[in-house]
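First up is the structure itself, then whatever we jot down about it.
The values are calculated or read from the model by the stated rules, or taken from the named source; none is laboratory data. Remember, predicted model here, so these are calculated numbers, not experimental data. Cβ sites come from the backbone with ideal geometry, for glycine too, and all protein chains shown count toward neighbours. Just the protein is used for accessible areas: all its heavy atoms, side chains included, with ligands, DNA and RNA removed. Shrake-Rupley method; radii C 1.70, N 1.55, O 1.52, S 1.80 Å.
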Amino acid sequence: MIPAGLTVIQVLPTPDTITIVAISDASTAACPSCGRLSRRVHSTYHRRLQDLPWQGRAVVVRVRARRFRCPDLACVRRTFAEPLSGATVRRSWRTCRLGDLQRHIGLAAGGEAGSRLARRLAMPVSPATLLRLVARSPEPATPVPKVLAVDEWAWRKGHRYGTVLVDLERNRVVDLLPDRRAETFSAWLRAHPGVEVIARDRAGAYADGAAQGAPGVVQVADRWHLLRNVGDALRHAVERHHAALRRIAREVAAELAAERVAGEPASKPEPTALERRRAEARARRQARYDEAVRLREGGATLAAIAAALGTPPRTLAHWFATGHAPLRDRGPAGSILDPFRDYLERRYAEGCRNARQLWREVRAQGFQGRPTIVRVWIGRWNKAGSGGAPTATSSHPGWKPPSVRAVTRLLSSDRDSAPDRDQRLCARLLEEVPELAAAADAARRFARVLRNESAEPLADTLNAMKGTLLDSLATSLERDAAAVQAALDTPWTTSPAEGQINKLKTLKRAMYGRAGFPLLRARVLHAA
Ligand SMILES: [Zn+2]
């Protein structure tokens with residue numbers, strides 16, 4: 001019951017605290033400066049240590065501790081306090097075993113919630129102290145990974161970037177680095193020899209860091225980053241022909257309008273069950289708004305309308321101020337999926353179309369929605385064509401020509417599943433701007449190789465880009481050719497790192513913004 005090395009003298013219970021009076025078992029103590037043992041007691045004093053609770057009551061150990069005289073007259077220290085080792089550490093207000101327990105509460109629950117929980121468990125501790133205990137946790141021993149993914153993450157959005165290192169074979173975070181510099185990464189690699197493969201984004205700090213810190217290692221460029229590079233290069237090419245795109249879009253729109261007038265019904269897909277439900281909800285909101293307006297025009301007060309409709313007065317005031325029915329039509333993949341969109345997008349681009357699998361992956365990252373939400377999201381991507389993005393519902397009459405970004409997506413994918421008018425626009429654009437046709441063709445070939453849909457040698461694919469609007473991209477890819485080739489030859493990507501970053505964001509939110517870097521790192525390494 002009593003901490004190691006102490007002997008109980010007296011127990012003093014009160015209704016909510018138990019005080020245990022104790023003395024140390026040791027007859028001697030070592031001087032912290034010179035290390036010599038002393039048995040000459042100089043004086044005694046009381047030291048209070050919080051200990052594990054007993055029967056729901058907080059326990060305080062009051063140790064009658066001694067000061068010893070150092071036997072060495074030449075020592076800088078005349079007297080010293082006995083250390084009570086085993087029971088506590090220097091200058092601490094708690095016993096080791098209590099600190100250990102509180103540290104685990106902090107790891108699991110964070111500062112604020114952990115502090116509340118600890119109070120309920122009769123071992124009160126402030127949030128700040130809890131976080132300090134967590135930050136001082138001993139590092140868990142993790143084996144050096146053979147296959148490592150490295151990626152950046154914003155730990156103060158837009159301000160500070162750190163680096164996350166993930167063991168790809170175990171799918172575990174192995175470390176967090178406080179910045180994204182090549183030197184920091186290479187220092188980590190030198191301190192952890194044994195890494196054989198490094199998956200990273202395109203050439204940059206991490207490529208340099210890997211080359212400096214682990215020269216023999218196989219570097220793998222991340223497929224998703226490569227796909228994005230190609231997409232960006234093609235988009236710049238489209239932007240250069242923006243004027244032509246706008247003109248052709250106007251012509252196609254005029255043709256479509258003429259065809260509609262000529263009696264051809266504009267093709268409009270059957271609404272899905274979901275779209276029907278949304279339309280009904282919209283109608284209900286409109287009806288409520290209309291009713292509110294009618295009541296107000298009849299002279300009713302806000303409170304009376306609120307009572308009649310069951311809508312809070314503040315909400316009503318907002319409706320009247322905006323002058324229309326509440327819009328709130330964010331769709332099924334609304335805000336709760338937002339933090340995971342980047343991850344899903346990249347997994348989709350990698351070829352994973354299994355809703356259940358993707359749902360399991362984002363759930364592990366903290367997504368709390370149902371599988372249906374992910375399935376609906378995939379359905380919209382599929383409808384937009386492979387490599388395309390979900391477009392807004394096409395329930396608007398008339399046609400809003402696609403943006404440069406959307407046109408880029410259409411040009412870099414097989415357009416068979418795209419709406420007829422978009423196909424018409426793209427075909428016309430490629431016909432009139434051969435330069436763009438050559439670039440789009442080269443981009444498509446490269447994307448197909450990256451997705452393992454084509455066995456064309458990388459060198460040929462890059463050659464095809466030469467002399468087109470993608471020329472400078474081809475040059476930079478050639479400089480990084482070994483890592484790009486490794487992306488085709490190995491299964492490794494940085495996707496798991498992206499997933500771990502989502503988990504990290506969830507952890508950070510649970511820490512109520514108090515998360516300094518050391519604390520966040522301690523929690524991530526212990527939570528893995
Ligand atoms: Zn001494």
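Some notes on this structure:
- Residue in segment 126-136 that is among the charged types (D, E, K, R), at pLDDT below 85 and either in a loop (DSSP other than H, G, I, E, B) or within 16 Å of the ligand (Cβ to nearest atom) (or both) present: yes
- Residue check, PRO178 surrounded by fewer than 18 Cβ atoms within 10 Å (Cβ to Cβ) and free of Cβ contacts under 8 Å to residues at least 24 places away in the same chain: no
- Residue within segment 344-363 that is open to solvent by less than 20 Å² (accessible area, probe 1.4 Å), modelled with pLDDT under 75 and within 22 Å of the chain's Cα centre (by Cα) present: no
- Scan segment 400-439 for residues that are more than 19 Å from ASP232 (Cα to Cα) and in a loop (DSSP other than H, G, I, E, B) and the total you get is 4.
- Selected residue (criterion: surrounded by the most Cβ atoms within 10 Å (Cβ to Cβ)) from residues of segment 195-233 that are assigned to a loop (DSSP other than H, G, I, E, B) and of a type in the set (Val, Ile, Thr): VAL195
- Within segment 37-93, the set of residues being among the hydrophobic types (A, V, I, L, M, F, W, C), out of contact with any Asp or Glu (no Cβ under 6 Å at 6 or more places or on another chain), open to solvent by less than 60 Å² (accessible area, probe 1.4 Å) and away from the ligand (no atom under 16 Å from the Cβ) comprises LEU49, LEU52, ALA58, VAL60, VAL63, LEU84, ALA87.
- Some residue of segment 302-311 being in a loop (DSSP other than H, G, I, E, B) and within 34 Å of the chain's Cα centre (by Cα): no
- Highlighted here are the helices (runs of 4 or more DSSP H) found entirely within segment 447-527 that include at least 2 residues which are of a type in the set (Val, Ile, Thr): 495-509.
Rundown of residues vs (1) more than 26 Å from LEU133 (Cα to Cα); (2) of a type in the set (S, T, N, Q); (3) outside any loop (DSSP other than H, G, I, E, B), yes/no style:
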residue	(1), (2), (3)
ILE9	yes, no, yes
THR19	no, yes, yes
SER27	yes, yes, no
ARG47	no, no, yes
ARG91	no, no, no
ARG97	no, no, yes
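- The residue of segment 10-36 that is farthest from PRO83 (Cα to Cα), among those that are among the polar types (S, T, N, Q), away from the ligand (no atom under 16 Å from the Cβ) and surrounded by 12 or more Cβ atoms within 10 Å (Cβ to Cβ), is THR17.
- The set of residues in segment 109-165 being of a type in the set (D, E, K, R), exposed (fewer than 15 other Cβ atoms within 10 Å of the Cβ) and touching a Phe, Trp or Tyr at 6+ places or on another chain (Cβ under 6 Å) is empty.
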